[in-house]
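First comes the structure, then the notes that go with it.
The values are calculated or read from the model by the stated rules, or taken from the named source; none is laboratory data. All values derive from a computational prediction rather than experimental measurement. FYI the Cβ positions are ideal-geometry reconstructions off the backbone, even for glycines, and counts take in every protein chain you see. All accessible areas refer to the heavy atoms of the entire protein, side chains included, with ligands and DNA or RNA removed. Shrake-Rupley method; radii C 1.70, N 1.55, O 1.52, S 1.80 Å.
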Amino acid sequence: MNRVCVVDTALVSAFGDGLPPLWDGLLAGRTAIAPLTRFAADRYLSQVAACVPGLKAESGESLLLPLLARLLDPLGSIPGDCRVLTATTKGGIDLLERRGRGELCPIEAVLPGALPTLVARRLGLADAGLNINAACASSTLALARGAAWIAAGTAEAVLVVGIDLVSEFVFSGFSALQALSKEASRPFDAHRDGLSLGEGAAALLLMSEPRARREGRTALGTLAGWGSANDANHITAPARDGCGLVLAIEEALAKAALTAAEVAAISAHGTGTVYNDAMELTAFTRVFGDRPLPVQSLKGAIGHTLGAAGAIEAIFALECLARGVLPPTVGLVEPEEAGRGRVAATAQSIQGDYLLSTNSGFGGVNAALLLGRPSC
């Protein structure tokens, strides 16, 4: 199989544009989760979320468009034959809300399937693209699909874009599910009580090793392995024994030809809900045993960014490997028993060449990526 290189990245989070504001915020233990001002949230279980600052849309335009522009504009050159994969759970759903208030908005832009066309047109690419909509594992699975294409030789370059908004439609749904925390979420904390929603976007340009060398690209890292599985347990609740996530991790390890001992740390889904966090820690114990493997979650800092989460976390994972540091899990005060010695409210040093990134979602979906240091 061809080796899969990550040669360019971009991201936007509630801390601002680019990786540095996110990294600095994490190391300082800050959260970008704040009181909502985008819409009135007094009827809902929570009134906080992590929104991208300065995001404004033109009349009749989804907030997805200015967010997409801020994401894609800093990217370097994209090959004309690049394939396009996007990941979003609800796309321009904010337009549906505005139509409900009587505004004239293009209804076709609401559909998640419109996103690949928007990306391809903005970058002048010929590929029609494909959107992956698999709940909160969407961009993790999009990265897996892109890596599989390159590994098999059916593509030499793939651009993966994950993006989602904080919209009242989604916020009201999670509130109805009683899944929101009234305060900023506290992943893996013994007293966690729910998630906080966030928005953001991330892009990763994947290339085969020969193509990267021909173009003189410097690799930021590798996507060494990937796996997915469905636990078929419940429409929203994960299987408590972590069976689906275990299978996904084991598949990723097998594809990368790695052992569990070669994984240096884990960037976990870590939503801050009682059952998700417990399931993940159970799965990690089943795969890695009692080894005190460092575990981290971004979601206490930037909220749960839904379809963008896996892509943001993949970029974060590469930075952790480059620096040899796993930043604090923001919001953590008292780790739950199964997380003691793994999750921390302070930065942890890590050693090794590979970091595991995991995501899980509604419908029983589980996905895992193994990110590696540059070797392309």
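Observations, loosely collected:
- Built amide H within the under 5 Å cut-off of VAL343, gap 5+: VAL295
- Each other residue within a Cβ distance under 10 Å of THR358 adds +1 if Lys or Arg and -1 if Asp or Glu, for a net charge of -2.
- Charge tally for TRP23 (other residues, Cβ to Cβ under 14 Å; Lys, Arg +1; Asp, Glu -1): -2.
- Dividing the summed -39500 (n - 2.57) terms of all DSSP H runs of n ≥ 4 by the residue count of the chain sets its mean residue ellipticity at 222 nm at -9000 deg cm²/dmol.
- For GLN348, nonlocal amide neighbours, meaning residues 5 or more places apart or on other chains whose placed amide H falls under 5 Å from its own, are LEU326.
- Cα-based convex hull volume of the chain per residue, rounded to whole Å³: 118
- The spacing between region 11-37 and region 138-172, judged by their C-alpha centroids, is 22 Å.
- Subset of LYS182/LYS299; LYS90/LYS299; LYS56/LYS299 violating a 21 Å alpha-carbon distance limit: LYS56/LYS299
- Counting only protein heavy atoms and a 1.4 Å probe, region 45-104 has 43 square angstrom of accessible area per residue.
- The overall shape of region 103-164 is oblate: from the C-alpha gyration tensor, with semi-axes ordered a ≥ b ≥ c, the ratio a/c is 1.5 or greater and a/b is no larger than b/c.
- Local electrostatic count, SER267, Cβ distance below 13 Å [Lys/Arg +1, Asp/Glu -1]: -1
- Cα gyration tensor shape of region 1-130, rounded if a/c is under 1.5, else prolate or oblate by comparing a/b with b/c: oblate
- Build a GNM of the chain with springs between Cα atoms under 10 Å apart, and of ASN366, ASN131, ASN233 the one that fluctuates most is ASN233.
- Kirkwood hydrodynamic radius of region 1-74, from inverse mean 1/r over distinct Cα pairs, in Å: 14.7
- Portion, in percent, of the accessible area of the chain that falls on carbon or sulfur, probe 1.4 Å: 52
- Per DSSP, loop GluC sites (Glu not before Pro) in region 161-214 with at most 16 further Cβ within 10 Å: GLU183
- Between GLY102, GLY300, GLY153, the GNM of the chain built on Cα springs shorter than 10 angstrom shows GLY102 fluctuating the most.
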